[in-house]
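Here is the structure we will look at.
The values are calculated or read from the model by the stated rules, or taken from the named source; none is laboratory data. Keep in mind the model is a prediction, meaning the values are calculated, not measured. With ideal geometry, Cβ positions are generated from the backbone for all residues, glycine too; neighbour counts draw on all protein chains shown.
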Amino acid sequence: MPYADPEKKREYMKKYNREWYSENKESHNLISKNISRKRDLRGNKKSFLMDSLGNFCPSCGGDEKLSIISETPLSKPIADHSWPLIKIMLANRKVSLICSTCKYKGKPEDY
């Protein structure tokens, strides 16, 4: 329904959207779909990083309980960053893998 006055249209759409979303919240299951998609996306990013970094700890060669670490502190988990930023960090070697043993006890050359 076209409106000449943008303010009237904004008010109408605000009311319409509120009603539509409250009536159709359950039928679309938007929240759980979004959570599921976000979880899958994070998993895909972690798998990509693990495959790109070799799936083993470069210090001891272990392949159990690997963590992805960054040289610089990040404001959020690495899997929450955008694909282009992840690829840039990989290209510039700003991320690496480390196993839980090396992470907490130190690398083999340290002891």
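What the table below lists for this structure:
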| quantity | calculated |
| --- | --- |
| Close pairs from the stretch 4-24: first free of Cβ contacts under 8 Å to residues at least 12 places away in the same chain, partner outside any helix (DSSP H, G or I), Cβ under 9 Å, at least 6 apart | Lys9/Met1; Lys9/Pro2; Lys9/Tyr3; Arg10/Tyr3; Tyr12/Met1; Tyr12/Tyr3 |
| Residue match in the stretch 14-36 (condition: modelled with pLDDT under 90, part of a helix (DSSP H, G or I) and closer than 30 Å to Val95 by Cβ) | yes |
| Close pairs from the stretch 87-98: first modelled with pLDDT of 90 or more, partner in a helix (DSSP H, G or I) and hydroxyl-bearing (Ser, Thr, Tyr), Cβ under 8 Å, at least 6 apart | Leu90/Ser52 |
| Residues of the stretch 12-58 classified as among the basic types (Lys, Arg), more than 30 Å from Ile86 (Cβ to Cβ) and surrounded by fewer than 11 Cβ atoms within 10 Å (Cβ to Cβ), total | 3 |
| Count of the stretch 63-97 residues which are part of a loop (DSSP other than H, G, I, E, B) and either basic (Lys, Arg) or surrounded by fewer than 16 Cβ atoms within 10 Å (Cβ to Cβ) (or both) | 14 |
